[in-house]
Each structure stands twice: as C-alpha cells, then as structure tokens.
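Before any comments, here is the structure.
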Amino acid sequence: MKRILAWLDARLSIRESLLPMLTHPIPQGAAGPMGWWYVFGSASLTLLVVQILTGIALSLVFVPGADTAYESLLYLNFDQPLGWFIRALHYYAGSGMVVMVLLHMAQVFLHGSYKYPRELTWVLGVFLLLCTMGMFFTGQVLRWDPDAYWGIAVGASMAGRVPYLGPYIVHLLLGGPVIGGDTLSRFFDLHVFIIPGALLFFLTVHLWLVLKRGVSEPPIPGKVVDPNTYDAHYEKELRNGVPFLGKPLLRDALVSALSVLAVVALAAVIGPKGPSGPPDPTLSGANPRPEWPFLWLFALLSLSPPSAETFIMLVFPGVLIFALFLVPFVSRRGERAPSRRPVAVLSVLVIFTTLGVLTYEGVTAPWSPKMTAWSGDPVPKHLLEKRSPRQMQGAAVLQIKQCRNCHALDDVGGQRGPDLTTVGGRMTRDQLIDQISNGTPGGGNMPAFGKQMSPAEMDALVDFLTTLRGQGQPAPEPTSPVAGMVRP
Amino acid sequence: MTQPSLPSSPERRTFFHWLTYLVSVAATIVLGIPLLGFLFGALRKKQEQWYPLGLVKDFPEGQTRMVTFDNPLRQPWDGMTAHTGVFVCNLGKDGEKKDQFRVLAVNCAHLGCPVSWFPRSALFMCPCHGGVYYENGERASGPPPRGLFPCVWRVNKDGKLEVQAPHYPSLQDTLRNPAKI
C-alpha cells in the first residue's frame with residue numbers, strides 16, 4: 001500500500017503541490033473568533049457544488065426543446081422519483097448561493113479585505129457575482145413557462161433599445177426573428193456550457209489568488225494598509241499562522257453543512273418552483289415577474305420616469321458594475337476596520353436597504369394594473385347601502401369599465417391610481433367628469449374615457465362617485481378652479 | 001570534404017518562424033470563420049411569409065378581436081411557443097370600396113409584455129408596468145414610448161385577410177418598418 005502511494009506521489013507530486021495548498025498557513029486572528037466572518041466564501045462554493053450535482057441530475061431528464069421542455073418539467077415534478085426534490089433543491093441552492101455571495105462580498109467590503117494586495121481577488125469576485133446572476137437569469141428561462149417566455153421578451157425589448165445595434169442584438173439573443181426553440185437552445189447553452197465554463201475559470205483564478213496572496217488578517221483599528229510595508233508585515237503574521245487544514249477548515253465545513261441542510265429543508269418543505277403554466281404566449285392572464293434577484297431592477301424601472309428609462313436599462317447596470325470593479329483601486333490603502341470606515345459601513349447599509357425596499361416594491365408591484373379586479377373584486381357593501389338606483393348603476397359602470405383594475409375600493413383592487421373610497425370628498429362633480437373624460441393631462445397616468453362612455457353611463461358613474469365620502473366628510477366646494485374648465 | 005550545412009542556419013530559422021505564424025493564422029481563420037458564421041446565422045433574413053386569418057366577411061365591422069395562429073416563422077420543434085396572437089378590427093370599406101383593417105401585435109411597446117383587450121372600456125392594458133392603449137392602438141397612458149405595433153396586412157384574391165408573419169417587434173425593428181438585417 002505504502003509503495004503504491006509512493007509510486008503515485010512520484011508521478012503526481014501531490015506532496016509538494018496540493019498538500020502545501022491545503023495546509024497553507026492563515027493568520028492567527030482568522031483562526032480565532034473573528035474567523036466566523038470568513039465562512040461565506042466556502043459556503044458559496046459548497047452551494048455551487050450542490051448546483052453542479054443537481055444540475056447534472058436535472059439534465060438527465062430535462063429536454064431543452066421548446067415543444068417538450070414543459071412536459072419534461074412536469075415529468076420531473078410528478079413522475080421521476082425525487083425529480084420534484086432535485087428541481088426544488090436546484091432552485092433553493094441557487095438562491096442560497098446568491099445570498100452567500102452577497103454576504104461574502106459585504107464581509108470582504110466591510111473588513112477592507114479587498115485592499116492591497118488583494119485587488120485582483122475582488123475583481124474576480126465581481127466576475128463571479130455576474131456569473132451567478134447570469135446563471136439565475138438563464139436558469140429561469142429553462143423553466144419554459146409564461147414567466148420565462150415573457151422574461152425573454154422583456155430582456156429582448158431592453159436590448160432592442162441599444163442605439164443602431166438593438167435589432168441585431170435582439171435577433172442574436174433570440175436566435176432568430178421570434179422567441180422559440182432556438183431561443184431556448186441558446187439559453188440552455190449559456191446556462192450549461194458558457195456561463196459555468198466562465199464561472200469555473202474565474203473561480204480557479206479567485207482561489208489561486210486566495211492561496212498566493214493569502215487570507216487577510218482580521219482588521220484592527222489603527223493598523224493601516226501601506227503597500228510598501230504590508231508584504232513584510234503579512235509574512236510575519238503567517239510565521240505564527242495556523243494551517244488551514246484544521247480548525248479553520250472545520251468551521252467552514254460546519255457553516256457549509258448548515259447551508260446545505262437549510263436549502264434541503266426549504267426544498268423539501270416548499271417544493272419545486274413552477275412551471276407556472278404551459279409556454280403558450282396566447283394564453284390570457286399572463287402576469288410576468290422576474291426572479292427575486294432581479295425584482296429590484298424591475299421596481300427601479302417601474303418607478304423611474306420614462307425619460308430616464310433607457311438610461312437605467314442600458315447604462316446604469318454598466319455603471320454599477322464598473323463602480324464595483326473600481327472599489328479596490330479607489331481605496332487601495334489605509335484603515336481596514338469598519339469602526340474607522342464610516343462611509344463604507346454607511347454604503348453597505350444604504351445599498352442593502354435600497355435593494356430591500358426596491359425588492360419589496362417589486363413583490364407588491366403597485367404600478368401594475370390588477371387585470372382581474374373589474375370582474376373579480378366586489379364593490380364593498382357599505383358603499384352600496386342607501387344608494388339610489390342610478391348610483392347603483394354607477395357602481396356597475398365602475399366595474400364594467402375596468403376602473404377597478406387601477407383603482408381600489410377599501411384597499412381592494414389595482415393600486416396604480418388613487419383609492420376611490422373617499423373620492424367624493426376630494427373632487428367635485430365637475431372635476432370628476434373632467435378627470436374621467438380627459439384623463440391625466442399630457443398623457444399621464446390615467447387614460448381618457450370620454451369616448452368610451454355614454455352620457456348616461458358618465459352621469460351614473462359620477463353620481464355614484466360623489467357619494468363616496470368618509471363619515472362626516474363634506475362635499476368639496478364646487479368653485480374649485482379646475483371645475484368648469486372642460487366640460488363634455 | 002565539404003562542410004555539412006548547419007541544421008539551423010539563421011535564414012532557415014527565420015523562415016520557419018514565419019512559416020509557423022502563417023500556418024497558425026491560416027488555421028485560426030479557417031476555424032474561426034465557419035464558427036462565427038454559424039453563430040451569426042441567427043441574423044439570416046427569413047423569407048417574408050403571409051398567414052390567412054379568415055374571410056373578410058367573418059370579421060364584424062368595428063369590433064376588435066384577438067386572432068391566434070401558428071407563426072410561420074416558427075421552427076418545426078417550437079411547439080405551442082409558436083402560437084401568436086394579433087388584434088384585428090374590421091374598419092369597413094374606404095372611399096374606393098376597399099376593405100380596411102387594423103391589425104395590432106400583442107406586444108406592449110414598452111417592454112414587450114402581452115396586452116389584454118377590454119372591450120367595455122375599449123382599452124388595451126399591459127400587466128407589467130401598466131401601459132394602456134386606446135382601441136386604435138394609440139398610447140393612452142403609462143410608460144410606453146409609442147402606440148402598439150401595427151402589423152402588415154392585405155386582402156387576397158379569395159377575400160381572405162392575410163397578415164405578414166410578425167417577428168418579435170422592438171422600437172427600432174417594428175413590423176411596418178423592420179430593421180434591415
């Protein structure tokens with residue numbers, strides 16, 4: 001046995017290559033309690049391994065063909081033994097990977113670990129973040145349901161806005177003039193060959209740099225990074241260092257194992273995500289939403305004025321990515337401790353709060369009309385009590401003309417326009433007629449309904465709306481300047 | 001006795017250097033051109049195709065209706081993804097007794113989501129960001145930068161309304177004015 005091992009090592013030279021890598025020393029501080037901050041990178045790596053394993057498993061059954069992808073997903077969900085679990089695990093481990101990568105980035109940023117001599121490690125980390133996001137987007141497309149179809153449509157429409165080259169990019173992205181089998185094959189290629197290939201390459205260099213430039217020591221307030229003296233200082237640190245293969249590895253292993261348990265539990269309890277429906281673009285009721293890592297962008301686009309939109313779609317992401325690349329070159333030296341870097345701490349707080357708020361907005365999407373509210377949401381009973389027949393008729397007009405798709409009553413209905421529960425206390429009869437007939441001036445939020453409504457319908461509707469007042473709320477003064485300006 | 005020539009005289013070495021460069025460049029070109037050509041094959045112009053939507057007399061005047069069909073631009077393996085819808089409205093006959101139609105693509109001009117038709121309020125509404133259009137396709141409100149994309153149509157000899165198979169429309173690549181690809 002010993003002789004076989006010796007023969008193998010004589011050929012492979014593991015003792016002089018791989019072994020020193022595993023036992024490379026890390027600074028004493030990183031092996032102490034502060035070392036708990038260092039676990040997110042290895043947890044990301046572990047979840048990536050889960051993704052590779054589950055991805056290979058899924059590719060044994062999934063068919064990347066536009067006509068059969070949906071059926072193969074249903075087969076995975078319902079017929080293939082444990083297919084539902086592997087699909088769910090692939091989704092939740094992927095989500096967990098995004099979370100871990102973001103935590104890892106935040107930790108490295110807060111501890112100033114990206115500073116000299118680890119600038120390139122950070123740059124490769126940004127590439128890895130982009131690959132992770134790319135995997136999430138292309139993975140959603142492989143779910144080949146209406147969300148996938150319309151997600152590509154939205155992506156293509158954004159690309160189509162690129163000056164001059166837009167149409168070419170759209171056709172290259174779709175693999176032809178329409179969304180179809182060629183599109184799915186392209187995204188399958190990206191998800192299974194191109195992005196994973198890039199990701200593994202970047203990861204190899206990233207880990208190589210971790211070995212060669214070493215793990216950063218925990219920051220100490222007052223101990224500044226100076227490129228002229230840092231290397232000598234770090235070498236001294238390593239002389240009392242601790243081998244990675246030991247306590248530090250155990251800590252990484254514990255958190256990695258806990259992450260795996262967490263995503264397995266989520267997968268087992270919640271189950272696979274989608275497909276939400278067959279990929280038939282003519283089915284009504286499509287309500288496409290991006291996956292959660294992109295909800296913030298969806299919200300940002302929806303909340304921005306149309307004039308800034310093309311900029312936010314095409315230029316803003318590039319600016320963000322460029323800013324991330326610049327971080328270690330703008331701040332290469334100096335303090336590393338968060339307690340001495342208030343701007344860094346504040347930036348992280350502001351960025352994550354912004355992302356959180358935008359994601360929440362993206363989930364609720366108050367700007368989207370509720371397409372089924374007009375036929376599905378009833379008029380609250382208390383708004384119909386003691387109303388004349390004509391006012392009741394007005395309530396019916398409110399529903400039939402789809403007003404509820406954008407206007408809520410008692411908070412039920414669309415949120416795009418204002419809630420109408422007390423509109424009679426805010427606007428006079430004349431103002432209401434003007435608003436409904438002409439919409440918001442200058443093509444704003446509300447379309448003009450003047451041509452879509454008969455005088456009888458308009459009368460009934462406005463009669464009803466003027467009765468919508470809070471308890472004891474008086475009718476507004478009829479001499480408001482807007483009233484009487486435009487009358488149909 | 002003659003001196004044997006050295007196996008690597010300077011001239012010979014330079015020659016082999018240049019030969020290696022040349023052959024490598026040639027190998028890269030013959031490998032790269034077909035690969036790139038294959039990739040950019042997606043830009044190949046597909047032939048203009050027409051699809052009959054139905055007899056003119058079957059479209060009641062003044063009513064907007066969604067007509068669904070299999071897009072002829074499809075691949076044989078596209079399945080139900082090839083289903084396409086257009087909104088058709090018969091506008092009656094013009095001054096020269098010719099049938100007039102309005103045929104609109106379902107894709108919102110903002111970011112391509114599918115708009116729904118609400119006949120009672122005569123509006124098209126988009127579920128994504130709340131773009132709204134009037135019955136004639138003009139923008140009514142919301143973020144769209146223009147109206148809905150009108151399709152190209154014609155009435156054939158058999159009295160059938162035909163629509164030109166629609167590609168995925170975008171702002172610089174509309175159905176009436178496609179980009180020159």
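Computed from the coordinates by the stated procedures, all read-outs in this text should not be read as laboratory data. The structure presented is a predicted model; accordingly, all values stated were derived computationally and were not measured. Cβ atoms come from the backbone with ideal geometry, glycine included; neighbour counts cover every protein chain shown.
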- Note on the structure: Of the convex hull enclosing the alpha-carbon atoms of region A:59-101, the direction-averaged projected area in nm² is 3.3
- Message: If you take each beta carbon of peptide B:140-150 and count the beta carbons of other chains within 10 angstrom, what is the mean?
- Response: 4
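Give, as a single signed number, the net charge of other residues whose beta carbon lies under 14 Å from the beta carbon of B:Leu123, with Lys and Arg counted +1 and Asp and Glu -1.
My count for the surroundings of B:Leu123 gives +4.
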- For region A:414-480, what is the convex hull volume of its Cα atoms per residue in Å³? 92
- Message: In Å and on Cα atoms, what radius of gyration and Dmax does region A:357-460 show?
- Response: 14.2, 45
- Task: List the GluC sites (Glu not before Pro) within region B:92-181 that fall in a DSSP loop (any state other than H, G, I, E or B) and whose Cβ has at most 15 other Cβ atoms within 10 Å.
- Result: B:Glu96, B:Glu138
- Cysteines of chain B lacking any other cysteine beta carbon under 4.7 Å? B:Cys89, B:Cys151
- Message: What value in Å³ per residue do you get for the convex hull of the alpha-carbon atoms in region A:160-231?
- Response: 190
- Message: What would the Debye equation give as log₁₀ I(q)/I(0) for the protein assembly as shown at q = 0.09, 0.11 Å⁻¹, counting only Cα atoms as equal point scatterers?
- Response: -0.95, -1.22
- Can you check what the Kirkwood hydrodynamic radius comes to for region B:64-130, Cα pairs only, in Å to one decimal? 13.8
- Item | Two-decimal Rg to Rh for region A:242-358 - Kirkwood Rh, Cα set | 1.09
- A chain fully extended from A:Leu303 to A:Ser59 at 0.36 nm per residue, minus the present Cα-Cα distance, gains in nm 84.0 nm
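Give the Kirkwood hydrodynamic radius (Å, one decimal) of region A:257-325, defined as one over the mean of 1/r across all pairs of different Cα atoms.
Result for region A:257-325 stands at 15.8 Å.
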- Query: Quick one: Cα centre-to-centre distance for region B:137-169 and region B:52-70, in angstrom?
  - Reply: 13
- Nearest 10, in degrees from 0 to 90: the angle of helix A:146-159 to the longest Cα principal axis of chain A is 80
- Taking the Cα atoms of region A:207-253 alone, what are Rg (to one decimal) and Dmax (as a whole number) in Å? 12.2, 35
- Message: Counting only other residues whose beta carbon sits under 13 Å from that of A:His171, what net charge do I get with K and R as +1, D and E as -1?
- Response: +3
- Item | Part-to-part distance (alpha-carbon centres) for region A:218-252 and region A:326-353, which is given in Å | 20
- Message: Viscosity 1.306 mPa s, temperature 10 °C: what is the translational diffusion coefficient of region B:87-180 from Stokes-Einstein with a Kirkwood Rh over Cα pairs, rounded to a whole number of µm²/s?
- Response: 113
- Task: Net charge near A:Asp410: determine it from the other residues with C-beta under 15 Å of the C-beta of A:Asp410, scoring Lys and Arg +1 and Asp and Glu -1.
- Result: 0
- Let a ≥ b ≥ c be the square roots of the eigenvalues of the Cα gyration tensor of region A:26-160; is it rounded (a/c under 1.5), or, if not, prolate (a/b larger than b/c) or oblate? oblate
- Query: For the residues A:Val215, A:Val205, A:Val330, what sequence is obtained by ranking on other C-beta atoms within 10 Å, fewest first?
  - Reply: A:Val330, A:Val205, A:Val215
- Item | Residues A:Ser375, A:Ser185, A:Ser157 arranged by fewest to most Cβ contacts within 10 Å | A:Ser375, A:Ser185, A:Ser157
- Item | Value of D in µm² per second that Stokes-Einstein yields for region B:5-72, Kirkwood Rh from Cα pairs, at 10 °C (1.306 mPa s) | 85
- Note: region A:124-193, point scatterers on Cα, Debye, no solvent; log10 I/I(0) at q = 0.14, 0.15, 0.18, 0.19 Å⁻¹ equals -0.44, -0.50, -0.70, -0.77
- Message: Helix-only estimate, please: 222 nm mean residue ellipticity of chain A, summing -39500 (n - 2.57) across DSSP H runs of length 4 or more and dividing by its residues, to the nearest 500.
- Response: -18500 deg cm²/dmol
- Task: Over the Cα atoms of chain B, compute the convex hull volume and normalise it per residue, giving Å³.
- Result: 232
- Task: Measure nothing but the geometry: give the 0 to 90° angle between the long axis through the Cα atoms of B:10-39 and the longest principal axis through the Cα atoms of chain B, rounded to 10°.
- Result: 10
- Treat region A:1-78 as a sphere of radius equal to its Kirkwood radius over Cα pairs and apply Stokes-Einstein at 20 °C in a medium of 1.002 mPa s; give the translational diffusion coefficient in µm²/s, rounded to a whole number. 124
- Relative contact order for chain A: what is it in percent, counting Cα pairs under 8 Å that are at least 6 residues apart? 18
- Helix-only mean residue ellipticity at 222 nm for chain B, each DSSP H run of n ≥ 4 adding -39500 (n - 2.57), per residue, nearest 500: -6000 deg cm²/dmol
- Note on the structure: Computed over chain A: longest principal axis from alpha-carbon atoms vs helix A:429-438 long axis, angle to nearest 10 degrees, is 60
